[in-house]
There are 4 protein chains.
Amino acid sequence: MTATAQMLETYPADLGGVDRAALAECIDACLACAQACTACADACLSEQNVAELTKCIRTNADCADLCGTTARVLSRHTGYDANLTRAVLDACAMACKSCGDECSRHGEMGMQHCQVCAEACRRCEQACRNLISALG
Amino acid sequence: MTATAQMLETYPADLGGVDRAALAECIDACLACAQACTACADACLSEQNVAELTKCIRTNADCADLCGTTARVLSRHTGYDANLTRAVLDACAMACKSCGDECSRHGEMGMQHCQVCAEACRRCEQACRNLISALG
Amino acid sequence: MTATAQMLETYPADLGGVDRAALAECIDACLACAQACTACADACLSEQNVAELTKCIRTNADCADLCGTTARVLSRHTGYDANLTRAVLDACAMACKSCGDECSRHGEMGMQHCQVCAEACRRCEQACRNLISALG
Amino acid sequence: MTATAQMLETYPADLGGVDRAALAECIDACLACAQACTACADACLSEQNVAELTKCIRTNADCADLCGTTARVLSRHTGYDANLTRAVLDACAMACKSCGDECSRHGEMGMQHCQVCAEACRRCEQACRNLISALG
């Protein structure tokens, strides 16, 4: 059990029927994706062809910010607001889709950090969509 | 001219026809709202009746995170993605609406920090909606 | 291998002799601690005796912010600045120490989320100190 | 009076003798610097000679993160911890110094966004140092 799941287990109040496994998975996917995107932006800066990677760096930066904020919003349960949660998950899934598309293009051309990052984006996008479904 | 407007003035590439005044105003409103919400959450913690303010503190925390991330996304123009910008502005306006509603209830009951924070939330919500309109 | 370690493996330039294992462990400990602190602050808000937990909530919030920023700074290697890295790690270790002390006091009195959070803080504090040593 | 100063005016508890003007000025300087650095990193990405600006982009990113976290820590007064405040201000001043130095080099060579950003960094560095002095 990850620390995220442990924190959910020890929450002192009702979690309102949310699917804990989907929630924990989404939080952890957001954290992993935020890290991968921050690292990928920096790895792109160290590439010889950085001039061809500027869109990737920007998309990485947005995705890192969205994933970080989404992980925080999902970690709070007091005064839960389903509409805001959904809007944040939508925006996060959209950022992950854009960044995953951009990174996988470069990954296919041999940039390994973009490939690893694209996988983190795909997992996070899927985890966001799964959680949106689980929220009903 | 604020530093935000100056940074837009000195941007070395095309900004894609975006309304610079609406953009600068929205970024500055997000920064001010993020600060007010962080400070309001902490001020609530120092109130005698903190137990009645837990939803306010949570809403403040979400709003601060959303506004901070929105200010960052809006400060980037490389590889601009109108759909993501709109999704982020939607989520931010929603967070500002919730937080503004919650804070203004407490503001009416005499909590001055909630009153100041509610005004920052209203301004930011409006600035997000204005920018969404300006984006077309 | 975690995604963090994979991103370090695929970094396209020299990492300047840094101990990759210590670096990856510190980044992951920061991410886990940031999440635990955000969740613990919210769990405290849901406790009956929230009025006795206000210092814990504030310390959680600071620690979450410091850990999040430290994870980001450590994920960048372009134009590496050892002095800044050390200053950030010092501040982060200090935040983790304060938060770990505060949370473990409440953990001993039966608050399980504080106990889980205290452990995340201890691990992160130690990982920061290990990395400071590894940096020389 | 800025919103930041208004939030300090309406704080419901003792602020522990801190110089409110120095505190408000430092918070506002951090917010302005975080925005300028985020915008400058993106403006650098749009420059023809982005390959010569990679260190600047990285330094911008670190400075934006440090300034954002510092503004948050300084906005909290519950359970105030002078040692942590000082460590965070030290790290922030150091990030502003590095980024101000890097940006002013490019500013002197005609990059206006770097010049505007360098000024925001100088102001923030000075505001951090003034607040450290005011804290005693």
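The numbers here are math on the coordinates, done by the rules we state, and not lab data. Nothing here was measured: the structure is a model prediction, and the numbers come from that model. So basically every Cβ, Gly included, is an ideal-geometry build from the backbone, and we count neighbours across all protein chains shown.
When the dipole is taken about the Cα centre of the protein assembly as shown, and only Lys, Arg (+1) and Asp, Glu (-1) are charged at their Cβ, what size is it in debye, to the nearest 20? Write down the numbers at each step before the final one.
Details: 44 positive and 68 negative charges, 0 e Å.
Once rounded to the nearest 20, the dipole reads 0 debye.
Applying 0.36 nm per residue to the separation of B:N83 and B:D14 and subtracting their alpha-carbon distance, the gain on full extension is 23.0 nm. Note that the range D:51-60 has calculated 3J(HN,Hα) couplings of 4, 8, 10, 5, 5, 4, 4, 5, 5, 4 Hz, one per residue in order, obtained from phi through the Karplus relation 6.51 cos²θ - 1.76 cosθ + 1.60 (θ = phi - 60°); glycine and proline are x. Mean partner shielding of peptide B:111-118, defined as the number of other chain Cβ atoms within 10 Å of each residue Cβ, is 4.
For the range B:29-37, 3J(HN,Hα) computed residue by residue from phi via the Karplus equation (6.51, -1.76, 1.60; θ = phi - 60°) reads 5, 5, 5, 5, 5, 4, 5, 4, 5 Hz, glycine and proline entered as x.
Peptide B:21-31 is shielded by partner chain Cβ atoms: per residue, an average of 2 of them sit within 10 Å of its Cβ. Using only side-chain charges placed at the Cβ, +1 for Lys and Arg and -1 for Asp and Glu, the dipole size of the range B:18-135 relative to its Cα centre rounds to 280 debye.
Scalar couplings 3J(HN,Hα) for the range A:113-128, obtained by applying the Karplus form with A = 6.51, B = -1.76, C = 1.60 to θ = phi - 60°, are 5, 5, 5, 4, 5, 4, 5, 5, 5, 4, 4, 6, 4, 5, 5, 5 Hz; x denotes Gly and Pro. Ratio to report: Rg/Rh of the range D:1-42, with Cα atoms as the point set and Rh obtained by the Kirkwood method; give two decimals. Here Rg/Rh amounts to 1.12.
Expressed as a fraction of 2.2 N^0.38 Å, the C-alpha radius of gyration for the protein assembly as shown is 0.87. Which whole-number percentage describes the relative contact order of chain B, with Cα contacts under 8 Å and a sequence gap of 6 or more? 30 percent.
Excluding same-chain neighbours fewer than eight residues apart, the aspartates and glutamates reachable from B:K55 by a Cα-Cα span under 16 Å are A:D14, A:D81, B:D42, B:E47, B:D65, B:D101, B:E102, C:D42, C:E47. What does the charge count near C:A64 come to, summing +1 for each Lys or Arg and -1 for each Asp or Glu among other residues with Cβ under 12 Å from its Cβ? Local charge sum for C:A64: +1. Calculated mean residue ellipticity at 222 nm for chain B: -27000 deg cm²/dmol, from DSSP H runs with n ≥ 4 weighted as -39500 (n - 2.57), summed, divided by the residue count and rounded to 500.
Once the gyration tensor of the Cα atoms in the range D:45-122 is diagonalised, the equivalent ellipsoid follows with semi-axes of 29, 11, 9 Å, ordered largest first.
What is the percent of Cα-Cα separations in the range B:1-74 that go past 14 Å? It works out to 65 percent of all Cα pairs. Summing charges over all other residues whose Cβ lies under 9 Å from the Cβ of C:N130, with Lys and Arg as +1 and Asp and Glu as -1, gives -1. Here the extension length gained between C:A21 and C:Q112 equals 29.7 nm, from 0.36 nm per residue of separation less the Cα-Cα distance. Within 10 Å of the Cβ of each residue in C:124-134, the mean number of Cβ atoms contributed by other protein chains is 0.
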